[in-house]
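The values are calculated or read from the model by the stated rules, or taken from the named source; none is laboratory data. Everything numeric in this text was worked out from a predicted model, so none of it was measured. Ideal geometry is used to build each Cβ from the backbone, glycine not excepted, and the neighbour counts take in all protein chains shown.
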Amino acid sequence: MDLLTTSVATVESDSEPYTLVELTGEADVTNSDALREVLDTEVAKQPRTMIIDLSGLRFMDSSALHVILRANRVMDRQGGVLALASPREPVAKMLRLTAADQLIPVYPSVSEATAG
Amino acid sequence: MAESPATSGPVRHVGFFYRTAKEYATTVAAFLGDGVAAGEPAFAALPAGQLGRVADALGADARRVEFADMTELGRNPGRIIPRVQAFIDLHGGQHVRYVGEPIWASRSRAELQEATRHEALVNLAFAGADAEILCPYDSTRLGQAVIAEARQTHPLLLSGGDEGTSPEYSGPFGLPSSCTAPLPAWPDTAMIHTYRSDLSQVRALVLKSAREAGLPDERAGDLVLAVSEVAANTLRHTPSPGTLVIWHDSHEIVCEIHDDGVITDPLAGRRRPAPAALGGHGLWLVHQVCDLVELRSDNTGTTVRMHMAIRSRRPLS
């Protein structure tokens with residue numbers, strides 16, 4: 001079984017469709033290249049909104065964080081918005097300690113992220 | 001108290017050897033009070049027991065000084081430099097005063113060594129800063145060796161009311177010998193694990209050991225993050241396996257990572273990366289979550305020893 005699995009969907013919503021990326025497992029230096037490929041592919045489609053659902057993520061290291069920060073940079077440049085949803089406590093703490101949560105909005109749930 | 005003109009220029013880093021509580025309070029309060037009178041931002045990070053003493057001596061001026069409990073801020077001395085840097089940045093362009101007392105008699109061998117390393121690194125980290133830094137040392141209770149090393153880490157010394165240069169000062173890149181001496185051997189009960197790319201297994205071993213040692217869940221998670229970040233560096237920077245060693249006693253759990261990598265930046269992990277930076281977060285995170293981090297690196301490899309206290313801290317004397 002892979003340490004990290006990703007699933008991507010385009011979700012129709014009341015306002016406009018958004019890209020939802022779900023991460024499950026553990027995201028670290030051993031799979032950050034694969035994560036980068038997934039995010040690069042989705043960001044290249046220039047969605048208005050991309051939400052990364054972290055609820056299934058047990059662990060995230062700084063390599064994975066850098067991949068997400070890089071995606072955020074490109075989304076910003078494209079005029080889109082990247083948001084993170086429902087990180088578990090170890091991941092949420094890491095986002096706080098690195099102040100990444102001041103750069104990328106973090107919501108308690110996907111539905112709140114879409115409302116935000 | 002020596003005069004302290006508010007001229008801009010290189011940092012003034014003064015080791016202050018005090019003998020009595022009165023001398024301590026009077027001198028530290030005068031140093032801070034002079035700054036307040038000159039409209040300079042002032043910051044004091046002292047052990048909790050000393051804060052009240054200095055605040056009392058300052059009187060109304062205490063309201064204009066920022067205080068921090070050094071037993072929290074400096075529990076891991078690796079966190080002090082970025083905190084002081086943040087204070088300097090907050091008051092960008094102004095001459096600032098800082099009193100920092102990271103060394104007290106009841107600290108462990110490893111803590112004293114790392115606090116001494118911090119004192120040495122202050123000279124490097126703040127070389128260009130427009131700041132005056134006063135570091136009190138309890139000369140009646142600290143060991144001779146600690147005081148001798150303070151003479152090496154401070155270009156200026158204040159003792160018995162006289163300020164002068166320290167003949168033993170070893171320069172901005174100098175480190176006292178205790179900071180580079182080999183780390184003590186681990187106990188026979190230590191668990192040793194060799195890893196190459198299976199970091200998930202490394203994390204599982206750390207989590208299991210942390211729980212068995214009695215670390216609460218949040219701090220167990222912190223230790224898992226720290227060890228994983230250091231082990232990730234083995235994969236990033238070396239072609240060979242790394243070694244994880246774990247042991248604990250009733251006071252603390254210790255995880256050590258050794259690999260063939262070399263860390264040449266003495267301030268690695270002691271600068272806060274910009275939030276958007278795409279690197280430099282690893283060792284920063286390690287210092288933020290661990291109670292103490294010991295690091296040795298030379299051409300033969302790098303050893304990082306991460307400590308987490310299990311029970312509440314030893315009481316301060």
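Among the residues of region B:258-274, some residue qualifies, meaning at least one is out of contact with any His (no Cβ under 8 Å at 6 or more places or on another chain), at pLDDT below 95, within 12 Å of another protein chain (Cβ to nearest Cβ) and not in a strand (DSSP E or B).
Between B:ALA220, B:ALA232, B:ALA226, the distinction of being modelled with pLDDT of 95 or more and either assigned to a strand (DSSP E or B) or more than 10 Å from chain A (Cβ to nearest Cβ) (or both) belongs to B:ALA226 only. Identify, please: which residue in region A:95-116 is more than 9 Å from chain B (Cβ to nearest Cβ) and more than 14 Å from the chain's Cα centre (by Cα) and is, among those, farthest from A:MET50 (Cα to Cα)? Filtering region A:95-116 for residues that are more than 9 Å from chain B (Cβ to nearest Cβ) and more than 14 Å from the chain's Cα centre (by Cα), the one farthest from A:MET50 (Cα to Cα) comes out as A:ARG96. Evaluating B:VAL84 against the criteria (1) outside any helix (DSSP H, G or I); (2) buried (at least 16 other Cβ atoms within 10 Å of the Cβ) leaves one unmet condition, (1). Considered as a group, the residues in region A:55-85 that are of a type in the set (Ser, Thr, Tyr) and touching a Gly at 6+ places or on another chain (Cβ under 9 Å) include one that is farthest from the other protein chains (Cβ to nearest Cβ), and that residue is A:SER63.
Table: residues versus (1) in contact with a helix residue (DSSP H, G or I) (Cβ under 8 Å, 6 or more places away or on another chain); (2) assigned to a loop (DSSP other than H, G, I, E, B); (3) of a type in the set (S, T, N, Q).
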residue	(1), (2), (3)
B:ALA148	no, no, no
B:LEU158	yes, no, no
B:TYR169	yes, yes, no
B:PHE173	yes, yes, no
B:PRO182	no, yes, no
B:ALA185	no, yes, no
B:THR194	no, no, yes
B:LEU205	no, no, no
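Restricting region A:38-94 to residues that are under 30 Å from B:VAL289 (Cα atoms) and of a type in the set (D, E, K, R) leaves a set whose member that is nearest to the chain's Cα centre (by Cα) is A:ASP53.
The single condition among (1) crowded, with 22+ Cβ neighbours inside 10 Å; (2) assigned to a strand (DSSP E or B); (3) hydroxyl-bearing (Ser, Thr, Tyr) that A:SER55 does not meet is (1).
The residues on offer are B:LEU157, B:LEU215, and the sole one that is of a type in the set (A, V, I, L, M, F, W, C), within 14 Å of chain A (Cβ to nearest Cβ), buried (at least 16 other Cβ atoms within 10 Å of the Cβ) and farther than 30 Å from B:SER240 by Cα is B:LEU215.
Checking B:GLY280 against (1) touching a residue at least 40 places away in the same chain (Cβ under 8 Å); (2) within 10 Å of chain A (Cβ to nearest Cβ); (3) out of contact with any Asp or Glu (no Cβ under 6 Å at 6 or more places or on another chain), which single condition isn't satisfied? (1) is the only condition that B:GLY280 fails.
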